[in-house]
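Note sheet for the following structure.
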Amino acid sequence: MEEQMEPVEKRKGGKTGLLVVLLVLFLASAGANFWLWNKEKNATQVAVSKVDSIKRISAEKDSLNARLTEEERKVAELRAEIVWYQGDKDSLSRVIEEMDARIASLRRQIGGGSPSKLRALKDSISRLATENSEFRTKMQAVLMENENYRAQLLEKQGQIESLEDQKKTLADKVTVAQQPAVGPVTVTPLYEKKGAFIPIYKAKKVEKLRINFTVLGNKLTDKTIEKEYVVRIKNPDGIILSNDNKTVKNSDDVYTVKETVSFNGTQVPVKLEFKQEADYKKGKYSVELKDGDEVKHTFNFELM
């Protein structure tokens, strides 16, 4: 009987050892799995933290870029206002150019900035926005002064134009006032007797016509003026007496005599003579003294 009990006890001891080994292996596997799970969990947390950090940095960059874009828009508006009122070389334009350069520099720094640098950039952009606002206030004051100055300038310009018109009107009046006036014209028929010419009104005996008029003195004339005077004598048949321009087709251009006078303000007596080969006709003669196209004086005489 005792010999039969020993194998049973041996089998029980083998099962116990196997259970112990399995238990150890299970515990080791559970420990390894827990270690792997914990490591994965920590790695996931780190990855999520890094992603969140990247998202925050990206959002911060987007925010800074948006603020810079807004400041660029304000600077562009200021530039447009300055260009409207002032030249490109104005001091205000130079300030705007400096702002453009600062914005470009800040935008370059945003591209690769760390969180600490982005915070510093945020402060720089805030200062830029403040400076923009202050500059706009100052510029508005300058532009308001410009508007006032512009209004004053336009008013002065209007006064200048009015004075220029008055000056031109006065200059025209002075020019007219400086022109010489001419006195009445007279024509005397002459006949030579004993070496002297005496007036005569018998047509057959008239040898020549003496024409007299005077350019009157003018104290307003301050420089020499060249004036041409034309005398037209019309015979009883309505024909202009003339020796020098018989080929002229237009009767208005035909003249009897003409004289150019250099006038400097002093009175100038003018004496002219006209002589024709044919006999003078009986009847009434009319005389015109012309300055340019204007008839200044007329005169009549009659031959018998």
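Each value in this text was obtained by applying a stated rule to the coordinates, not by laboratory testing. On a predicted model such as this, the values are computed, not experimentally measured, just so you know. Note that each Cβ is placed from the backbone with ideal geometry, even for glycine, and that neighbours are counted across all protein chains shown.
In the structure shown, the pairs Lys168/Lys296; Lys173/Lys271; Lys223/Lys271; Lys234/Lys281 are assessed against 19 Å; a Cα-Cα span above that value is assigned to Lys168/Lys296; Lys173/Lys271; Lys223/Lys271.
Just the Kirkwood number for the stretch 216-304, please: inverse of mean 1/r across all distinct Cα pairs, in Å, one decimal.
Mean inverse Cα-Cα distance, inverted, gives 14.6 Å.
With neighbours defined as other Cβ atoms within 10 Å of a residue's Cβ, the residues Val231, Val21, Val257 order from fewest to most as Val21, Val257, Val231. Dipole orientation for the stretch 185-304: of the candidates Val215, Pro199, Thr260, Pro199 has the Cα lying most toward the positive pole (charges on Cβ; Lys, Arg +1; Asp, Glu -1).
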